[in-house]
1. Please indicate, with yes or no, whether at least one residue in segment 434-449 is of a type in the set (S, T, N, Q), surrounded by fewer than 14 Cβ atoms within 10 Å (Cβ to Cβ) and either modelled with pLDDT under 85 or in a loop (DSSP other than H, G, I, E, B) (or both).
2. Restricting the search to segment 233-287, which residues are among the hydroxyl-bearing types (Ser, Thr, Tyr) and within 22 Å of LEU332 (Cα to Cα)?
3. Quick one: ARG225 ticks every box in (1) without any contact (Cβ under 8 Å) to a residue 60 or more places away in the chain; (2) surrounded by 12 or more Cβ atoms within 10 Å (Cβ to Cβ) except a single one, so which number is it?
4. May I ask you to say which residue of ASP64, ASP48 is buried (at least 17 other Cβ atoms within 10 Å of the Cβ) and at pLDDT 80 or above?
5. Is it the case that segment 338-345 has a residue that's touching a residue at least 12 places away in the same chain (Cβ under 8 Å), exposed (fewer than 12 other Cβ atoms within 10 Å of the Cβ) and farther than 23 Å from PRO480 by Cβ?
6. Yes or no: GLU329 within 49 Å of the chain's Cα centre (by Cα), modelled with pLDDT under 85 and under 20 Å from GLY460 (Cα atoms)?
7. For the subset of segment 154-163 comprising residues that are modelled with pLDDT under 80 and small (Gly, Ala, Ser), which member is surrounded by the most Cβ atoms within 10 Å (Cβ to Cβ)?
8. Among (1) at pLDDT 75 or above; (2) outside any loop (DSSP other than H, G, I, E, B); (3) surrounded by 12 or more Cβ atoms within 10 Å (Cβ to Cβ), where does HIS110 come up short?
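The values are calculated or read from the model by the stated rules, or taken from the named source; none is laboratory data. Quantities reported herein were computed from a predicted structural model and do not represent experimental measurements. FYI the Cβ positions are ideal-geometry reconstructions off the backbone, even for glycines, and counts take in every protein chain you see.
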Amino acid sequence: MRATRTPRAPLLRLKALMPASLRSRLTVWVAALLLVSAAAVFVVVYADTGSELRHQIDRDLAGDTGQLAQALHAAGGQSTSEIARAASRYVNGQPYMANSKLLFVLVPGHPPASNHPEVFGTATPEDGESAAQQTHENQAGRKLLAPHLGYSTARIADVGRMRIHERSLTLGNVSVIVGAGEPLVLVERAQHGLAGAFVLAGAIVLVFALVASYLAGARVSAPLRRMATIAARVDAGELSPRMQVPPDPRSELAVLAESFNHMLDRLAHAFTRQHEFVADASHELRTPLTVIRGQLEVLAAQDEPDAVEVRRVEGVVSAEIGRLDRLVEDLLLLAQAEQRDFVRAETVPLRPFLGELLHGLELTARRRFELGPLPDGSLQADPDRLAQALRNLARNAIEHTSEPAGLVRLEVERVGQERVRFAVLDDGPGIPDAQRERIFERFHRTDAARSRNSGGAGLGLAIVRAIAEAHGGQVRAVEPASGNGARVELILPGYLSPTPGS
């Protein structure tokens, strides 16, 4: 079946934009996650590398200051001059180079003894430096003259950042400061090299991750693109296309494809039912309208119709209008069955309710009505809808039995703990096995030979099924125990046992 509607522009835009957007979002999220993870690892490794190298430098500096102190103790000097000369001999024996240690001794009243005395300042500027630059370097060097016991980091002219360890040493009555320093340039180089390696490796991994995530996004979004294409075709009125189900039934795509195909199957079935419903309703409405038009044309063709003819036409037209009213009411009722407030449940006592119902049926037709044993208790149901369903079942039995001895019997019994089964039996021709499911379809008649005057529009049992489903129950046609006639059962939940003393 093809509908005449045209595709809507928003759905086509969704088809064009959604898959690309999914690929882009997946790629961006993977890239962002990878960058954040790489940045976290880089920060940890970078800081840990620098910390480990600094700890190694600190251990080396502690050893150097210890050796310097031992050398001064071994020299045995007691005066400041002797200590200064001994310190100069030791430090000058270990000249400073770019990859060596800075050694120095601060003796009160004497210039600092160091293997790199320029770090403490010079009187004349070095080659290529101005007097202002030399003055600035001298100011930085004088800061080293102030003791900073323990570990510290200072920026040294012509050296850069340097890690320094100082300790106090008492030789006789003289307190001196011995110190050692090592440039941090190796640490910085190691960290810069690590950063470069991380950037290079991260860039390569990021490129591969972006390509992989894009391909994965394309693979994941492919079923969605196919679904969007099929949805656009369905929106255009074509209900035949289906998604291909992957071979693995446990995969998410298989579940999605099966659910989507199931939805399309139900949609196609609903469209088919709707088409049949409209066609059947049109046919049912056309028949009484044709009869009314024909009777009025016959009456209009007579110049002076007699009173008998007018009354005859009036009777025929009134009967057809009544049939139209009943048909419209049944159609409205079936439409209301889709609404949530179709059923308004309340407590219905079974004995008085069914007694009044059977009494009302006895006034509508000459049949042999019977009511079987009734259970005590009540039922949570909509009394109006329940009465309507049972009356429709009874009318169906009445239409298939003859007066005055035709049997119409209502049996009620408890099923399980919370369900009640209402059964309407008759001794009519019965229901063929092939028709027992179809009798609850709209506009369906089991007896094609019966006229519409006696058979109605075929909506009574469809209404019964709608009422049963609205209550959470079911209706079915089964073979009677006697093998003769018909038996239709309405099973509803909500049975309440009688309370003691009620």
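1. First, the residues of segment 434-449 that are of a type in the set (S, T, N, Q): 435, 446.
From the residues that got through so far, the ones that are surrounded by fewer than 14 Cβ atoms within 10 Å (Cβ to Cβ) too are none.
Taking every residue of segment 434-449 in turn, none turns out to be of a type in the set (S, T, N, Q), surrounded by fewer than 14 Cβ atoms within 10 Å (Cβ to Cβ) and either modelled with pLDDT under 85 or in a loop (DSSP other than H, G, I, E, B) (or both).
2. Keep residues of segment 233-287 that are among the hydroxyl-bearing types (Ser, Thr, Tyr), which gives 240, 251, 259, 272, 282, 287.
Scanning segment 233-287 gives THR272, SER282, THR287.
3. Failing condition for ARG225: (1).
4. On the way: ASP48 fails: buried (at least 17 other Cβ atoms within 10 Å of the Cβ).
None of the others qualify; the one that does is ASP64.
5. Initially, segment 338-345 is screened for residues touching a residue at least 12 places away in the same chain (Cβ under 8 Å), giving 342-345.
Narrowing further to those that are exposed (fewer than 12 other Cβ atoms within 10 Å of the Cβ): 344.
Next cut, farther than 23 Å from PRO480 by Cβ only: 344.
Yes, segment 338-345 contains at least one residue that is touching a residue at least 12 places away in the same chain (Cβ under 8 Å), exposed (fewer than 12 other Cβ atoms within 10 Å of the Cβ) and farther than 23 Å from PRO480 by Cβ.
6. Values: within 49 Å of the chain's Cα centre (by Cα): yes; modelled with pLDDT under 85: yes; under 20 Å from GLY460 (Cα atoms): yes.
Yes.
7. Filtering segment 154-163 down to residues modelled with pLDDT under 80 leaves 156-160.
Keeping just the survivors that are small (Gly, Ala, Ser) gives 157, 160.
On the way: ALA157: 20, GLY160: 11.
Ranking the candidates gives ALA157 first.
8. Failing condition for HIS110: (2).
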